[in-house]
Amino acid sequence: MAMTVTPLTPDFCARITGINITLPLNDAEFAGFRAAFDRWSVLILPGQPLDDASQIAFSENFGPLESTRSVNPAAGTPFARQSNLDIKTGAVIPADDRRMAYQKANMLWHSDSTFKAVPSLCSVLSARQVPAVGGATKFASTRAAYAELDEAVCLRLDTAVVEHDFSYSRGLAGFEFTADETAQFPPVRHRLVRVNANNGRKSVLIGAHAKSIVGWKAEESRAMLDDLLVCAARHSYSHDWRQGDVVIWDNQAAVHRATPYDSVRHRRLMQRTTISSRNEAYAQ
Ligand code: OGA
Ligand code: MN
């Protein structure tokens, strides 16, 4: 069985078939997969019914997994759970519950874990239960956004450092952290421009958690971060989920966002594993 890569836009997002990621991959199989990931930033794999154990095993091919910290219902495990179902009872969570308000922030363009001291290489999201309508996830290329910049702007951005702040981004979506939650997630700084160590392609690390460019005037910084998102959104792809789909995205080269669904009438359960970038060359 040979892995087939089908591009979904000219330079971003590809569908992968002819590989079974629910079973262990050998080194050659994973090397081909990793190369496709570096090339396309977002890989869509239909019909790969991962359970928690096989999702962890597959995800570990990329590197060490992050452990989820407080606020997400799956805190303390390697999973981040995006769901309207109570983690213990499976009952639908009322729309006005704090847990649903928290998830609304996923509807802003973002890159996972940029608010952590070590950002994430990639996320693996598996669709365990999907609503009949709604709940698509959109992806946009921050590599394409960088590629559109004038040389003079590139020069300024290549040395720029951005402050990322989790309580700031949740606030944007109308979710207020308690003082305890805020204290757990102090702001962190990352270089704005990322260089993929395997192919040299540059991208920008932006999205909802990106609060400001350090040392820039507030309006100038906000305008630049917003412009970069607008550019990225011109190179986007929307995925309509089917149960058993798995999507892997490069958190350094893409942003993503959730879209609405009727959380009172439909059940949605998505399990995410998040791979740390601490073993990547650019993190050293
Ligand atoms: C995530 C995420 C979007 C969605 O899992 O990181 O942003 O549509 N998910 O559930
Ligand atoms: Mn996310």
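Taken together, the values in this text are just the output of simple stated rules run on the coordinates, not laboratory data. This structure is a prediction, so every number in the text was calculated from the model and none was measured. All Cβ positions, glycine included, derive from the backbone under ideal geometry; neighbour counts span all protein chains shown.
Taking first residues from the range 243-262 that are farther than 8 Å from residue 139 by Cβ and assigned to a loop (DSSP other than H, G, I, E, B) and partners that are among the basic types (Lys, Arg) and within 13 Å of ligand 1 (Cβ to nearest atom), the Cβ contacts under 8 Å between residues at least 6 apart in sequence or on separate chains come to 243/128; 259/138; 261/268. Can you tell me how many residues in the range 160-209 are outside any loop (DSSP other than H, G, I, E, B), touching a residue at least 60 places away in the same chain (Cβ under 8 Å) and surrounded by 17 or more Cβ atoms within 10 Å (Cβ to Cβ)? Number of matching residues: 8. Of 143, 156, all but one fail to be under 30 Å from residue 57 (Cα atoms) and touching a helix residue (DSSP H, G or I) at 6+ places or on another chain (Cβ under 9 Å); the exception is 143.
Note on the range 210-233: residues that are closer than 21 Å to residue 105 by Cα, out of contact with any Asp or Glu (no Cβ under 7 Å at 6 or more places or on another chain) and of a type in the set (D, E, K, R) amount to 3. For the range 240-274, residues that are away from ligand 2 (no atom under 13 Å from the Cβ) and either within 22 Å of residue 196 (Cα to Cα) or in contact with a Lys or Arg (Cβ under 8 Å, 6 or more places away or on another chain) (or both) total 5. Comparison of 66, 29 shows that the only residue that is free of Cβ contacts under 8 Å to residues at least 40 places away in the same chain, of a type outside the set (A, V, I, L, M) and surrounded by 13 or more Cβ atoms within 10 Å (Cβ to Cβ) is 29.
Within the range 236-284, being in contact with a Phe, Trp or Tyr (Cβ under 9 Å, 6 or more places away or on another chain), near ligand 1 (Cβ under 10 Å from one of its atoms) and of a type in the set (A, V, I, L, M) holds for 247, 255, 270. Within the range 92-99, the presence of a residue that is in contact (Cβ under 8 Å) with a residue 40 or more places away in the chain and closer than 23 Å to residue 38 by Cα is excluded. Within the range 15-51, the residues that satisfy the criterion of being under 17 Å from residue 2 (Cβ atoms) and in contact with a Ser or Thr (Cβ under 6 Å, 6 or more places away or on another chain) are 15, 17, 18, 48.
Please verify whether the range 211-226 includes one or more residues that are within 16 Å of ligand 1 (Cβ to nearest atom) and either over 17 Å from residue 81 (Cα atoms) or not basic (Lys, Arg) (or both). Checking the range 211-226: not a single residue is within 16 Å of ligand 1 (Cβ to nearest atom) and either over 17 Å from residue 81 (Cα atoms) or not basic (Lys, Arg) (or both). Taking the criterion of being part of a strand (DSSP E or B) and within 18 Å of the chain's Cα centre (by Cα), the residues of the range 210-242 that qualify are 210, 211, 236, 237, 238, 239.
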